[in-house]
1. Tell me yes or no: at least one residue of segment B:93-110 is within 30 Å of residue A:171 (Cβ to Cβ) and within 9 Å of chain A (Cβ to nearest Cβ).
2. Out of (1) closer than 30 Å to residue B:113 by Cβ; (2) of a type outside the set (Ser, Thr, Tyr); (3) modelled with pLDDT under 95; (4) surrounded by 14 or more Cβ atoms within 10 Å (Cβ to Cβ), what's the single condition that is false for residue A:145?
3. Of all the residues that make up segment A:132-157, how many are facing chain B (nearest Cβ under 8 Å), over 14 Å from residue A:69 (Cβ atoms) and outside any strand (DSSP E or B)?
4. Can you tell me which residue in segment B:158-175 is nearest to the chain's Cα centre (by Cα), limited to those that are more than 7 Å from chain A (Cβ to nearest Cβ) and farther than 15 Å from residue A:183 by Cα?
5. So, in segment A:159-176, of the ones that are out of contact with any Ser or Thr (no Cβ under 7 Å at 6 or more places or on another chain) and free of Cβ contacts under 8 Å to residues at least 60 places away in the same chain, which residue ends up surrounded by the fewest Cβ atoms within 10 Å (Cβ to Cβ)?
6. List the number of the failed condition for residue A:89; all other conditions in (1) touching a residue at least 24 places away in the same chain (Cβ under 8 Å); (2) among the hydrophobic types (A, V, I, L, M, F, W, C); (3) surrounded by fewer than 18 Cβ atoms within 10 Å (Cβ to Cβ) hold.
There are 2 protein chains.
Amino acid sequence: MKKKLGAKSVIYPIPTVLVGTEVAGKANYTLTGDCGIMGLQPALVYIALHESSYTSEGIRRNNSFSLNFPTSKMMQIADYCGIHSGREVDKSLLFDIFYGELGNVPLIEECPVNLECRVLQNIVIQQRHIYIAEVVQTYVKDDLVINRDGHFYLANMTRLDPLIYSLDNRYYQIAESIGIGYSEGKKFQTPTA
Amino acid sequence: MKKKLGAKSVIYPIPTVLVGTEVAGKANYTLTGDCGIMGLQPALVYIALHESSYTSEGIRRNNSFSLNFPTSKMMQIADYCGIHSGREVDKSLLFDIFYGELGNVPLIEECPVNLECRVLQNIVIQQRHIYIAEVVQTYVKDDLVINRDGHFYLANMTRLDPLIYSLDNRYYQIAESIGIGYSEGKKFQTPTA
């Protein structure tokens, strides 16, 4: 039996990203899980922020942002970035930063993976700004890139060790790999009519 | 040091959902990870599908869909739904289904959590249809709902046991909880200038 819980956006688990942008000439970061993939080719992603958020202000001005993936070991500093607005604390010195191809997008050195993103559309739905963006460049820590026949792949998720969130307001770590995509389904026995 | 991998939408980890919809009078399902939260209040979610997908056709007709979260034990059947299009195989008998408030949205009994969704906007970007939807109702397996002082909460992620995906094309399980949101950051020692 199922219980009705009302209208809740219970997607799980939730990836966490530190969204980087420049506001008033300084690097600023916020933590969110309202992000996701919208397409692979072209590489489309989104983040959703409240219209009043400090980061949202920076994104609308620059038309760009970075997505930086904290590891589980960065839980405290990542959560700190989610608790405090850039309006009340200066977060510009929290991380070592580097700049990529757009020039005005701060990328966090300490995060193993960074996406540099350019906004394509800003959709406003009831106080939420949904920024749909194309990924301009992807940066990955050297030792987490696997070179297979001249093609570059991201290392196993357990090595990337992402900080995962869920609507039970808890952080989690990833466990071991249990199977391969577009392959496990071949073992499935379809029911006979 | 970081390596550039080009424009890749490397969001991780990726939740997996079985998207349910009725096409040509039959229940149909596809597996995707291109889904996410866009807001909590109101409860907004999205899924992104290729314009040519069979599910996409059903959604445009009905203006609604369901999100059903497979457990890691459902890996084979979930992957099967991602491999085969509803154009080639009939998936209507794969699951026990129930109907909710919209009437035309098949919900999967075997999945511990189901969201019944009504489309608010369909944004088309380069062959991708991005369906932004409001959650109409949330259904959760009885024994995964926690009643705390009359308020209902979802059980711990480890009990929900989601099937997690990543761009390394592997499925993963969730590990243990390591901390609490909006709390761990209070332990963070800010750098002194």
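The values are calculated or read from the model by the stated rules, or taken from the named source; none is laboratory data. In this text, all values refer to a predicted model and were calculated from it rather than measured experimentally. For neighbour counting, all protein chains shown are included, and Cβ atoms are generated from backbone atoms with ideal geometry for every residue, glycine included.
1. Step one: list which residues in segment B:93-110 are within 30 Å of residue A:171 (Cβ to Cβ), which gives B:107-108, B:110.
Then drop every residue that is not within 9 Å of chain A (Cβ to nearest Cβ), which leaves B:107.
Yes, that holds for at least one residue.
2. (1) is the only condition that residue A:145 fails.
3. 2
4. Initial filter on segment B:158-175 (more than 7 Å from chain A (Cβ to nearest Cβ)): B:158-159, B:161, B:163.
Restricting the remaining residues to those that are farther than 15 Å from residue A:183 by Cα gives B:158-159, B:161.
Numbers: B:158: 17, B:159: 17, B:161: 14 Å.
Filtering segment B:158-175 for residues that are more than 7 Å from chain A (Cβ to nearest Cβ) and farther than 15 Å from residue A:183 by Cα, the one nearest to the chain's Cα centre (by Cα) comes out as B:161.
5. A:169
6. With (1) touching a residue at least 24 places away in the same chain (Cβ under 8 Å); (2) among the hydrophobic types (A, V, I, L, M, F, W, C); (3) surrounded by fewer than 18 Cβ atoms within 10 Å (Cβ to Cβ) applied to residue A:89, the lone miss is (1).
Yes/no per residue for (1) more than 21 Å from residue B:162 (Cβ to Cβ); (2) polar (S, T, N, Q); (3) in a strand (DSSP E or B):
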site: B:85; (1), (2), (3): yes, yes, no
site: B:90; (1), (2), (3): yes, no, no
site: B:95; (1), (2), (3): no, no, no
site: B:98; (1), (2), (3): no, no, yes
site: B:107; (1), (2), (3): no, no, yes
site: B:110; (1), (2), (3): no, no, no
site: B:118; (1), (2), (3): yes, no, yes
site: B:121; (1), (2), (3): yes, yes, yes
site: B:130; (1), (2), (3): yes, no, yes
